[in-house]
Amino acid sequence: MATNYTNSPLVGYTRLVDKHSGERTHAIDRITPHCVVGQVTAARLGDIFSGTRAVSSNYGIALDGTVGLYVEEKNRSWCSSSNANDQRAITIECASDPKPPYAFKPVVYETLVQLCIDICKRNGKKKLLWFGDKTKSLTYNPKPDEMVLTVHRWFANKSCPGDWLYARMDDLARKVTAALNEPTAPTPKPTAKCPYAEPKTAVRYGARGNGVKWVQWHLNKAAGEKLDVDGHFGVLTKAAVLSFQRKHRLAADSIVGSKTRAALKKAL
Ligand SMILES: [Zn+2]
């Protein structure tokens, strides 16, 4: 298979169980969220998958939002009563109320959104699609960057994932797709670092040395001046200091003391 399978970095509890069919025979292009029908911990879900029933899921989301890993993404879990579905789906069992409509706690739903975003990202998907229609969903041939949501009730006489989540499948798809298409934040410009030591005393017209270079470097960076950083406090540097002091409402005396230095640093 072309995919290099990985697992979610959101996992907070790992208990790999042997209830799976080995490596999946179809690339991942579906996500199938389920309701546990119980407000379970991640460990409790691991107990269930380690018990006698032939059930498992790739991930579980516990009542406190902990993400459990039970069957690695590369393997086909035993979750949706459909071999065809589970060969291509990441299955997620979510802690829910034990009674209809099998509501989730807010943290569980929020975690489901985050986990779906992560699954899509790691598997190269830019869209999570919810059609709300069994035939359309199961016959749809997703593009390489598309992931399709499916539900257990299409494969077995069950209400899974419960009416509570079923009513939110569209919201889930929209939130995940929106997050996948957020423009990436521009890389912040690294803060320029002055190579010269800050002078410890006032620097004024006629001075020479690295303290003057510090002033010239700062005037260039903070005030857009184009001074030669030559360590010579001449007329051009003096004019630039006066201009900076006036702009920043400092005493315009052309002497670079502690207040002017502080303003120069702040203006970077
Ligand atoms: Zn289910």
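Quick note: the coordinates plus some simple rules give every number you see, no bench work behind them. All figures in this text were calculated on a predicted structure; none of them were measured in a lab. Neighbour counts are summed over all protein chains in view; Cβ atoms, including those assigned to glycine, are modelled from backbone coordinates with ideal geometry.
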Inset, instruction - Would you be able to tell me the number of residues in region 73-84 that are within 14 Å of the ligand (Cβ to nearest atom), buried (at least 19 other Cβ atoms within 10 Å of the Cβ) and either of a type in the set (Gly, Ala, Ser) or farther than 16 Å from Ile48 by Cα (or both)? - result: 2
Legend entry - Given (1) surrounded by fewer than 17 Cβ atoms within 10 Å (Cβ to Cβ); (2) in contact (Cβ under 8 Å) with a residue 24 or more places away in the chain; (3) closer than 30 Å to Lys259 by Cα, number of the condition Lys200 does not satisfy: (2)
Inset, instruction - Would you point out the residue of region 128-154, among those that are surrounded by fewer than 16 Cβ atoms within 10 Å (Cβ to Cβ) and charged (D, E, K, R), that is nearest to the ligand (Cβ to nearest atom)? - result: Lys134
Legend entry - strands (runs of 3 or more DSSP E) contained entirely in region 1-105, each with at least 1 residues that are over 18 Å from Phe155 (Cβ atoms) and in contact (Cβ under 8 Å) with a residue 12 or more places away in the chain: 11-14, 20-23, 59-61, 67-69, 75-77
Legend entry - Filtered residues of region 228-268 (kept if in a loop (DSSP other than H, G, I, E, B) and within 17 Å of Lys193 (Cα to Cα)): Val229, Ala267, Leu268
Legend entry - Residue satisfying all of: in region 15-72; over 27 Å from the mean Cα position of the chain (by Cα) and acidic (Asp, Glu); farthest from the ligand (Cβ to nearest atom) among these: Glu23
Legend entry - Residue satisfying condition, being closer than 16 Å to Tyr59 by Cβ, in a loop (DSSP other than H, G, I, E, B) and not acidic (Asp, Glu), within set Cys160, Cys120: Cys160
